[in-house]
Structure formats: structure tokens, C-alpha cells
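Visitor: One structure coming up, written as C-alpha cells, with questions to follow.
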């Protein structure tokens, strides 16, 4: 695979490092002198293109017409948007991926700017941290097929209806499959006779519209964890 | 007309003030409150501080009902992104973006936006004046678009 990475900060450089280790062809574009000094120590010289990543001339030099993937990893959201748009509109790049720096700009990262995949680092971190703090809240790990299907993880709450039940007796939503159960750091294959316990982490593939039904089964009985007690009081 | 001006530097402030004087309803957005000092004291349009790429800021500025929008920040990428969403998402009928770095003009053109390059225009004008070597004094008026040649 031939990948062009725009922006050689921590994210871009680390991505380049992984891809090169996997024998992919990588061209990374960067223009900040201090960043260049660092990545020259980490990456092979032939992978580094020195110049403004948003300039069409620089993209062409780096081979944008031939690449399979353009990864826009600069620290400026507007630059990443413009890169994805140019990549598809002018150079027909098959796949564009963009990094979102400010989660409040996330609404821009979609087909408006020809962004195929948007990576929202701050949002992912925040959700991971929130996950560590809560028991019984479902976390979406990956969205597939433009968000119609999700791979989710849920830690089974002690009060959940699923506790003590065999998988075959669960009334799972129609479009849902349990993929694995993690119990005390061990991965268990999911069989019909597997009995679910409180604290099990369940990985499931579920249609997004049925995520809530699954949560009712695995989470706390009153799935509405966030309802504040005073919210029922009418003014 | 309802007009939104994004970026309140020298260009933005001058555009906003000129539009206000013509009787338009002008809203100026900038991420830095200090930028509004560029506006003359008698400017009576709205000023809004905010992160210009966020949806709530644009909605609060009334982008859904704007008749025209000028994106004149010092970032070509930001201006292009604003111009594109104004046209494609909010269907603003008249959108103009400022090209800040002349080397990045192609970027705005790729998006099919109306683009103005004050730097290039200024440079071309200066070059013309230098080469034509007009007799008499050159007096500049306004923002430099009007030139008056005094007969010697």
C-alpha cells in the first residue's frame, strides 16, 4: 500500500513508523524545521518530503496521484479538511483519513470535505476515561458501515438481567451477535451454554439502532443512568 | 442585507465598517476580542467572539439567514473551509473569501469560491504605478483602491 501522510507531528510520525515497519510505502510531508529535525532521526530520509503539506505542488511531488490513502494528520483542522477535499476532488485519492484536533470541529469531518474516516483523538480519550470510571455504560469501540453497525463493549452490571443466564437464554436483539467475553483478563469464546457473570466484559457487534436494547440487557435495570433525580421536578 | 464578516483584522474591520455605513446588518466574528478594536468607534453592527469553525458560533451569528458572507481571516485554510460550508451547507447566496498567502490561491479555486487576494492586488497596483511613472503626485484614498492624479 502507498500512503501519504500530511503532518509529521507525534501522530503522523508514529503512523509512518508503523506503516514502514509493515513494509508499506510511506511519504510524509512536513514543513516545520523543529519537527523535521526530529523525524529525520526516526524515519528513513526517502520517506520525508519537506514542504507545506497543504500545497498542491507538494502533494504532487509526494505522489498524491498514485497513493491509495491520504492521511491528513496536521495539527490544524482546517488544513486537514482542505487536504481531504483536494485529495479526492483533484487527485481521486481512493481513501482519505483525517485527524480531528478540536472535537467541536467534528461536524465538518464528513463527505462535505470528502473525509472517509475521521479520527477524533480527544473524544476517544475522553470516552475511554469515562469508560474506566463507569460500570454498566456501553462503549462504542468502532463504527462500521458508516455508523449503521457498531462493535461495542459493555461491562455487565451486577443488577443486569443477563447476570447468571446462559447466552442461549438471553433475549438478544435481532441484529446482534456476542463476539467475545473477557473475564478476569481472559478471553472466553461465546457458546450457548456460557453463563454470564457480573463484571464480564462483553464484546458485541450490534446494529446501531439496537444498541439501546442490548444495553438494557447488560447494563443496570433502569438503563437511564444519567437521569438526574431532580429532572422529574416540574418548575 | 444580513452580512457576516469572519475575521476582524484590518481587512475584516474595513469591510464590516463600509457595509455598516451602507445600512446593512453586519455581524463580525473573531476568535480574539482584541481584534474588535480594529473597528471604528461608531460601528454599530454586532461583534461576536468565538471559534469560527464551530457550528454553534456560526448558527448564533445567523448564517442560516445570511445574504452574504466574507471569510477574511489570516488563514487560507480556514477561509476556504468557511466559504465551502457557507455555500454547500448553509446555502449563503453570496460568499467571498480572502486569499492571504498568494501561493495558496489555487486552494480557493479548487473549491470554486469567489476569491480576492489583497496582497496580489496591492502588489500589482504598486507595480503599475511604479512602471507608469505618472507625472504629479499620487494621492490615495479609501483603502488604496482610489487613486487621484493631480495635474502638475
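For every residue, the table says whether it meets (1) at pLDDT below 90; (2) part of a helix (DSSP H, G or I).
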site	(1), (2)
B:81	no, yes
B:84	no, yes
B:108	no, yes
B:112	no, no
B:131	yes, yes
B:139	yes, no
B:148	yes, no
B:152	yes, no
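Visitor: For region B:94-112, which positions are within 20 Å of residue B:27 (Cβ to Cβ) and touching a helix residue (DSSP H, G or I) at 6+ places or on another chain (Cβ under 9 Å)?
Guide: B:95, B:96, B:97, B:98
Visitor: Go through (1) at pLDDT 90 or above; (2) surrounded by fewer than 14 Cβ atoms within 10 Å (Cβ to Cβ); (3) assigned to a loop (DSSP other than H, G, I, E, B) for residue B:144 and report which single condition fails.
Guide: It is condition (1) that residue B:144 fails.
Visitor: Could I ask something else about it? Hey, among the residues in region A:68-85 that are part of a helix (DSSP H, G or I) and in contact with a helix residue (DSSP H, G or I) (Cβ under 6 Å, 6 or more places away or on another chain), which one's farthest from the other protein chains (Cβ to nearest Cβ)? Full working, then the answer.
Guide: Taking region A:68-85 and keeping what is part of a helix (DSSP H, G or I), we get A:77-85.
After this cut, where a residue has to be in contact with a helix residue (DSSP H, G or I) (Cβ under 6 Å, 6 or more places away or on another chain) as well, the list is A:77-79, A:81-82, A:84-85.
Details: A:77: 6, A:78: 4, A:79: 5, A:81: 5, A:82: 5, A:84: 11, A:85: 7 Å.
Among those that are part of a helix (DSSP H, G or I) and in contact with a helix residue (DSSP H, G or I) (Cβ under 6 Å, 6 or more places away or on another chain), it is A:84.
Visitor: Any residue at all in region A:96-107 that's more than 28 Å from residue B:50 (Cα to Cα), surrounded by 13 or more Cβ atoms within 10 Å (Cβ to Cβ), touching a residue at least 40 places away in the same chain (Cβ under 8 Å) and more than 14 Å from chain B (Cβ to nearest Cβ)?
Guide: No; the residues of region A:96-107 include none that is more than 28 Å from residue B:50 (Cα to Cα), surrounded by 13 or more Cβ atoms within 10 Å (Cβ to Cβ), touching a residue at least 40 places away in the same chain (Cβ under 8 Å) and more than 14 Å from chain B (Cβ to nearest Cβ).
Visitor: Taking region A:201-216 on its own, how many of its residues are touching a helix residue (DSSP H, G or I) at 6+ places or on another chain (Cβ under 7 Å) and in a helix (DSSP H, G or I)?
Guide: Number satisfying all stated conditions: 1.
Visitor: Could you identify the single residue in B:37, B:103, B:44 that is exposed (fewer than 14 other Cβ atoms within 10 Å of the Cβ) and within 14 Å of another protein chain (Cβ to nearest Cβ)? Before you say what the answer is, go through the steps one by one.
Guide: On the way: B:37 fails: within 14 Å of another protein chain (Cβ to nearest Cβ); B:44 fails: within 14 Å of another protein chain (Cβ to nearest Cβ).
Checking each option against the conditions leaves just B:103.
Visitor: Give the residues of region B:60-92 that are within 11 Å of another protein chain (Cβ to nearest Cβ), within 22 Å of residue B:17 (Cα to Cα) and surrounded by fewer than 24 Cβ atoms within 10 Å (Cβ to Cβ), sorted by residue number.
Guide: B:75
Visitor: Of the conditions (1) within 11 Å of chain B (Cβ to nearest Cβ); (2) crowded, with 23+ Cβ neighbours inside 10 Å, residue A:29 clears all except one; give me its number.
Guide: Going through (1) within 11 Å of chain B (Cβ to nearest Cβ); (2) crowded, with 23+ Cβ neighbours inside 10 Å one by one, residue A:29 breaks only (1).
Visitor: Further question: Based on what the data block shows, is residue A:171 touching a residue at least 24 places away in the same chain (Cβ under 8 Å), within 27 Å of residue A:77 (Cβ to Cβ), loosely packed, with under 15 Cβ neighbours inside 10 Å and assigned by TED's automatic domain parsing to the domain that holds residue A:214?
Guide: No.
Visitor: Tell me, please, whether a residue that is at pLDDT 75 or above and at positive phi can be found in region A:137-154.
Guide: Within region A:137-154, not a single residue is at pLDDT 75 or above and at positive phi.
The values are calculated or read from the model by the stated rules, or taken from the named source; none is laboratory data. As the structure is a prediction and not an experimental result, all values here were calculated from the model. Every residue, glycine as well, gets a Cβ built from its backbone with ideal geometry; the counts of neighbours run over all protein chains shown.
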